């Protein structure tokens, strides 16, 4: 988009860059969406993420912490010992 800047050494593949965003030096982004005006810090490596203000690495694949494994949500009260009695 208009005004997007990719600094030296930036490698992008299949990404959408919002207006006036800035990709820091030596970043490697694959299949990412960068929000309008967002600044990606130098050296960032991301795959399949939405990079936006106020949200740390929103992963489009379901791998929220980037460890390669999808997270399973814990049922409320099921595993923390707070089960209700009948």
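Things to note:
- Evaluated at q = 0.13, 0.18, 0.22 Å⁻¹, a Debye calculation over the C-alpha positions of the range 5-59 (equal weights, vacuum) places log10 I(q)/I(0) at -0.23, -0.45, -0.70.
- Subtracting the Cα-Cα distance of residue 2 and residue 30 from 0.36 nm times their residue separation leaves 8.1 nm of extension gain.
- Note on the range 5-59: antiparallel DSSP beta bridges, both residues inside, total approximately 20 percent of the bridges counted.
- Mean separation of Cα contacts under 8 Å (6+ apart) over length of the range 5-59, as relative contact order %: 29
- Protection-proxy order for peptides 28-38, 8-18, 43-53, each taking the mean of Cβ atoms within 10 Å per residue, highest first: 28-38, 43-53, 8-18
Any read-out appearing in this document is the output of simple, stated calculations on the displayed coordinates, not a laboratory observation. Keep in mind that what you see is a predicted model, and the values were worked out from it rather than measured. Backbone-built Cβ (ideal geometry, glycine too); neighbour counts: all protein chains shown.
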